[in-house]
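The values are calculated or read from the model by the stated rules, or taken from the named source; none is laboratory data. Everything numeric here is computed off the predicted structure, so don't read it as measured data. Methodologically, a virtual Cβ is constructed for each residue, glycine included, from the backbone with ideal geometry; neighbour enumeration extends over all protein chains shown.
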There are 2 protein chains.
Amino acid sequence: MRVKPGHRDEVVATLVGGADALRVVGCDLYVVGTSDTDEDLVWVNEVWVSKEAHDASLRLPEVRASITRTMPLLTGEFTSQELDIVGGLGVPE
Amino acid sequence: MRVKPGHRDEVVATLVGGADALRVVGCDLYVVGTSDTDEDLVWVNEVWVSKEAHDASLRLPEVRASITRTMPLLTGEFTSQELDIVGGLGVPE
């Protein structure tokens, strides 16, 4: 996602701050990254136990509050790619 | 990365099969994913303790053998994005 200039750290703090609470609702991984070469870009790579668990999480009050807080700080430019996780290292079985 | 048609499972098996061995050389996460909507596409999301550890891994005999085996099965179309990992869930401290 692309953030409005100057708001990256605020968006990142919200994303990272909310990540631990996602574990109990089926989130296995939630990795927040930034880029040296494009300072208004924030990447999130997530692994969920199911698509249903992810979709349900979007209805949680804490998550909705986080989205409400973050949306005004974003430009609206999003790209996303949904994947089936096959395996690897650090991926829960 | 994009695989030549019909070779996805072979590429995925090589990537997943080699992932565990990367832990001792500084790889924290190595997540291999495929797409429902584009069956010749394979995604790998990696987290390393440092860029140096990643670069050094490319010189390991096992990794070089894996690359040699996989390259002929790929179209040559790669995209990549290097990130600084800020935090989240499931990310080693």
Next item on the list: Being under 13 Å from the mean Cα position of the chain (by Cα), surrounded by 10 or more Cβ atoms within 10 Å (Cβ to Cβ) and of a type in the set (A, V, I, L, M, F, W, C) is the filter here, so list the residues in segment B:39-67 that pass it.
Entry: B:L41, B:V42, B:W43, B:V44, B:V47, B:W48, B:V63, B:I67
Checklist line | Positions within segment B:67-86 being modelled with pLDDT of 95 or more and of a type in the set (G, A, S), in sequence order | finding: B:G76
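Scan segment B:39-49 residue by residue and report those that are of a type in the set (D, E) and assigned to a strand (DSSP E or B).
B:E46
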Checklist line | Unmet requirement for A:S66, which otherwise passes all of (1) out of contact with any Gly (no Cβ under 6 Å at 6 or more places or on another chain); (2) more than 30 Å from B:D9 (Cα to Cα) | finding: (1)
Next item on the list: Select, from B:A53, B:A65, the only residue that is closer than 14 Å to B:P92 by Cβ, without any contact (Cβ under 8 Å) to a residue 60 or more places away in the chain and more than 9 Å from chain A (Cβ to nearest Cβ).
Entry: B:A53
Next item on the list: Write out, first by first residue and then by second, each pair whose Cβ atoms fall under 8 Å of each other, whose residues are 6+ apart or on separate chains, and whose first residue, in segment B:77-90, is in contact (Cβ under 8 Å) with a residue 60 or more places away in the chain while the second is in a loop (DSSP other than H, G, I, E, B) and surrounded by 17 or more Cβ atoms within 10 Å (Cβ to Cβ).
Entry: B:E77/B:M1; B:F78/B:M1; B:G90/A:G90
Note to self: I need a count of the residues in segment A:68-93 that are loosely packed, with under 12 Cβ neighbours inside 10 Å and assigned to a helix (DSSP H, G or I).
What the structure shows: 3
Check: Taking segment B:1-20, which residues are hydrophobic (A, V, I, L, M, F, W, C), more than 7 Å from every other protein chain (Cβ to nearest Cβ) and surrounded by 16 or more Cβ atoms within 10 Å (Cβ to Cβ)?
Finding: B:M1, B:V3, B:V11, B:L15
Notebook entry, point to check: Given the residues B:E77, B:E39, B:E62, B:E46, which is the only one that is in contact with a helix residue (DSSP H, G or I) (Cβ under 8 Å, 6 or more places away or on another chain), of a type in the set (D, E) and under 23 Å from A:L41 (Cβ atoms)?
Noted result: B:E46
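State which residue is farthest from the chain's Cα centre (by Cα) when the search covers only segment A:21-38 and only residues that are more than 7 Å from chain B (Cβ to nearest Cβ) and not in a helix (DSSP H, G or I).
Residues of segment A:21-38 more than 7 Å from chain B (Cβ to nearest Cβ): A:21, A:24-26, A:37-38.
From what is left, the residues that are not in a helix (DSSP H, G or I) are A:26, A:37-38.
Details: A:G26: 14, A:T37: 20, A:D38: 18 Å.
Looking at the filtered set, the residue picked out is A:T37.
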